[in-house]
Amino acid sequence: MEKTKTCAFQANYHLIWAVKYRRSVLFGSVEVRLLEVLKTIADGHGYWLLTARVYDGDHVHVFVSVKPSVSVASVVCVLRCVFAKLLFEEFL
């Protein structure tokens, strides 16, 4: 639980993203780099990345904690858009 001067909060979200057409592309170095990038992005935006895992090479589970003033849509947009762009640049 996080605290500020006027309140205490705990806003945890379980986010799941699948690769287009459920192709198994998140293996090996791509998986390692994906998890590194997610951690970096979360730290840079003030989110707490509690855990992130790749399952079956075709989808990602992310458990993240954010301040209540941040919407879930903006968290998804920031995490998904930035890591997708970086992975495309590095591995395509």
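Laboratory data are not the source of any read-out in this text; all were calculated from the coordinates shown. In this text, all values refer to a predicted model and were calculated from it rather than measured experimentally. Heads up, the Cβs are rebuilt from the backbone with ideal geometry, glycines too, and the neighbour counts pull from every protein chain shown.
Here are the numbers for the structure shown:
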| item | result |
| --- | --- |
| Residue ID - farthest from THR6 (Cα to Cα), chosen from residues in segment 38-75 that are of a type in the set (Val, Ile, Thr) and surrounded by 17 or more Cβ atoms within 10 Å (Cβ to Cβ) | VAL54 |
| Matching option when the condition is touching a Leu at 6+ places or on another chain (Cβ under 7 Å) and of a type outside the set (A, V, I, L, M, F, W, C), among SER24, SER29, SER65 | SER65 |
| Residue match in segment 76-84 (condition: without any contact (Cβ under 8 Å) to a residue 60 or more places away in the chain and in contact with a His (Cβ under 7 Å, 6 or more places away or on another chain)) | yes |
| Single residue of segment 5-37 satisfying the filter (of a type in the set (Ser, Thr, Tyr) and over 24 Å from CYS77 (Cβ atoms)) that is surrounded by the fewest Cβ atoms within 10 Å (Cβ to Cβ) | THR6 |
